[in-house]
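The values are calculated or read from the model by the stated rules, or taken from the named source; none is laboratory data. The shown structure was predicted, so the numbers you read here are calculated from the model rather than taken from an experiment. Glycine gets a Cβ as well: all are built from the backbone with ideal geometry, and neighbour counts include every protein chain shown.
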Amino acid sequence: MAGINNIIEVSGLVKKFGSLAAVDGVTFDVPEGEFFGFLGPNGAGKTTLIRMLTTLLKPTGGRAVVAGIDVSASPQEVRKKIGVVPQALTSDLDLTGYENMDLYGRFYSIPSRERREKIKNLFEIIGLSNRQNDLVATYSGGMRRRLEIARVLVHAPTVLFLDEPTIGLDPQSRRAVWEFLEKFRKEYSLTIFLSTHYMEEAESLCDRLAIIDNGKIIVLDSPDRLKSELPGNDIIHLTLSDLSMISPVEDKIKGLAFVHNVVAEGEDLRVFVENGAVNFTPLLESVKEAGGIVNSVGIHQLSMEDVFIHHTGKSIREEGGKKVNFFVGAGLPQKLSR
Amino acid sequence: MTRLLAIIERDIKKFVRNPIVVIMSLVMPIVYLVILGNSFQGKLKGLPLAIVDQDSGIYSRRLIDNLRAVEAGARTVSIHMLNDQNAALTGVRNGVYKSALIIPPGFTKSANLRKEPDVGLFLDNTDTVSSIAIKALVNSALNSVREEHVPVRDKPYEFYARNIELYSMVDYYQTLVPGVVIMAIFLGTMTAGVFNLVMDRFLGIDESYLLTPLSKTDIVSGLVISGLFITTLIAFVVLIVSMLITGIPFSKGIEQMFSIFMIIVLTTLALLSLMFVILGRATHPRIVGLSSGFLNVIFFFPSGAIYPIESFPAWLRAFAKVNPEAYAVHALKSVLFKGAGLDVILGDIIFLLIFTNVMMVIAILSFKRTM
């Protein structure tokens, strides 16, 4: 049993579609006020997990409690406590920004005067007060996303779920969304659950991160600790001219004292090293000795991308060959819980 | 209730804010009425008939006079007198004439000798409607050829039927009005009903609503009520405009007005629920667009709006028995043209009620699986 200040408590959660386990025995807690992130590639199970936590999908096994309520036992009660921003933009294009927000307020039976005040305040926070009476069809993608995040806060939820909130946005709009999320978090004392496959987003926003792949949590901790737990402090990225050279080069450089780990991906080698600036030249010499020809080389400090690669042995990639339903995210046969 | 009202208000706002949809919903049935009413008018007129009189006797002239009388009166044919038989036949083959009547030499003589006088009637039988009409017309004119001019007192005793029309005169143009109103209802249920449902699903809007305390019942009820409101309004506007265009008098009593209202509301509910059953699980609005014309043909033409159901082949008559549009057209015709009361249309009303309930249950079961 988790502590009383946990807003989300998940234990052994499973979702199967036929024989395929999209979420495979996931366990974690999210304490009140935390900005919690799920980082993983497309098809890792993030959206399926969010759909279970937000009552759209019935779990096959395990238990999930949100805001103290079991999602399987009382989905209607859970819906009153949560705000959910799905992956697709779902604001109504034929309504104005204000009408979209007002509609949600009415769904939660908020009295009209209180609704008006809340909507006014939310529009001020997202910086769209001057556009609130314009049709959403005239909004940019970034503006729509800001509106949709504000829209689910009209009823002051306890926890906010965001499924890939910045997907498809340009870098400027993405940063604007991040700023508003921070603002909302402070203003509304929110617990935020974010799923993303953007490393920078996960690193800059989240207090703690779970890396998920193939439906399982691989590792869970704060971004800083995840990085500090990696061996070495720099990454030297090598691209060799020939795939056949990868294996002998990898074997050779693994034996170097300053090399902590080597991850091969195609013709690329990602070498986790101590003090990359100093050990750069000896590394290249060893590669040459092993018969490798280097086409390109780069050096950078450890990032979340490296954390992901270290734990999964691969970089975040697009899952190929699976038909993805753009609008619901998971693209798997889905049976809703009601 | 607040949630339900919010959904209804949203749908009405969305409909009103799409003027093209509003205009198409109103104008299309009326344009249909005007085009169909003027291009397919029930009575055939001005069919070009070539006549070559190679006899020039008393009976051939009498035959031509009989046909001239039709040309001047009912105007079913327009007569073109030719001298050359080949020119007449070529004209039929080239589509200049619908038919060529060749009266051979000796026609009058044969008639005088009480033999079997015959004429040649060359028909463009690729145009079935015209050729049947001309054939009947010429046969009738031929049968009258032998009638002599005799004093009335000497006229032989005849049987004849006295035509008594039970209702005030209704022309073909007016008979189309019930069908056009039902067509407006059909279009309304597509644009204001099922299209909204599928579009919301396509855009992920309905799913985002299901993340709020809004229930499926709220969403479906909201769609049905807003669809009913918008479609009823469209149907009444189309009915009034059609009555003005075709000259149907507005002198209806309260009972008849109530009957018309009930027929429109029940037909809307029946078609809304039927469309939800047929298209409610569609995942792309394009499917609704493509199906619209197809479904309109399937339900509109076997409704009796244009042609009497009794003349259909057995299989189509069987379909008409379960076609809600057939009951709606029958009820609306009865009230509009016969001044029928509720007792006369009770059977139609009961069918529409049962049909709506059955379809609604299927639609809700279907939604539970798909939403």
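Residues that are more than 23 Å from the chain's Cα centre (by Cα) and not small (Gly, Ala, Ser) within segment A:132-153 comprise A:Gln132, A:Asn133, A:Asp134, A:Leu135, A:Val136, A:Thr138, A:Tyr139, listed in sequence order.
In a residue-by-residue description of segment A:186-206, the property of being closer than 17 Å to A:Phe35 by Cα, within 14 Å of another protein chain (Cβ to nearest Cβ) and either at pLDDT 90 or above or surrounded by fewer than 18 Cβ atoms within 10 Å (Cβ to Cβ) (or both) applies to at least one position. Of the residues that sit in segment B:130-153 and are modelled with pLDDT under 80 and not charged (D, E, K, R), which one is nearest to B:Gly95 (Cα to Cα)? So the residue we want is B:Val145.
Take the residues in segment A:113-128 that are of a type outside the set (Phe, Trp, Tyr) and crowded, with 16+ Cβ neighbours inside 10 Å, then tell me which one is farthest from A:Ile167 (Cα to Cα). So that I can check it myself, show each step before the final result.
Of the residues in segment A:113-128, the ones of a type outside the set (Phe, Trp, Tyr) are A:113-122, A:124-128.
Applying the additional criterion that residues be crowded, with 16+ Cβ neighbours inside 10 Å yields A:115, A:118-119, A:122, A:125-126, A:128.
Details: A:Arg115: 29, A:Lys118: 27, A:Ile119: 25, A:Leu122: 22, A:Ile125: 21, A:Ile126: 18, A:Leu128: 21 Å.
If we take residues in segment A:113-128 being of a type outside the set (Phe, Trp, Tyr) and crowded, with 16+ Cβ neighbours inside 10 Å, then A:Arg115 is farthest from A:Ile167 (Cα to Cα).
When segment A:70-82 is limited to residues that are among the hydrophobic types (A, V, I, L, M, F, W, C) and more than 8 Å from chain B (Cβ to nearest Cβ), the one that is surrounded by the fewest Cβ atoms within 10 Å (Cβ to Cβ) turns out to be A:Ala73. For segment B:93-119, residues that are under 20 Å from B:Asp55 (Cβ atoms) and modelled with pLDDT under 90 total 14. Filter segment B:2-26 down to residues that are more than 36 Å from the chain's Cα centre (by Cα) and within 11 Å of B:Gly222 (Cβ to Cβ) and give me whichever is nearest to the other protein chains (Cβ to nearest Cβ). Ranking the candidates gives B:Ala6 first. Apart from one condition, B:Tyr307 fits all of (1) within 14 Å of the chain's Cα centre (by Cα); (2) assigned to a helix (DSSP H, G or I); (3) not polar (S, T, N, Q); the exception is (2).
So which residues in segment B:228-262 are among the small types (Gly, Ala, Ser) and buried (at least 20 other Cβ atoms within 10 Å of the Cβ), if there are any at all?
The first filter runs over segment B:228-262 and keeps only residues among the small types (Gly, Ala, Ser), leaving B:235, B:242, B:247, B:251, B:253, B:259.
Scanning segment B:228-262 gives B:Ala235, B:Ser242, B:Ser259.
The residue pairs whose first member lies in segment A:83-105 and is within 8 Å of chain B (Cβ to nearest Cβ), whose second member is surrounded by fewer than 24 Cβ atoms within 10 Å (Cβ to Cβ) and among the aromatic types (Phe, Trp, Tyr), and whose beta carbons are closer than 6 Å, counting only pairs six or more residues apart or on different chains, are A:Ala88/A:Phe327.
A count restricted to segment A:36-69 and to residues that are within 11 Å of the chain's Cα centre (by Cα), part of a strand (DSSP E or B) and either at pLDDT below 90 or within 15 Å of A:Lys15 (Cβ to Cβ) (or both) stands at 2. Being at pLDDT below 90 and outside any helix (DSSP H, G or I) is the requirement here; does A:Gln76 meet it? No; evaluated as a whole, the condition is false for this residue.
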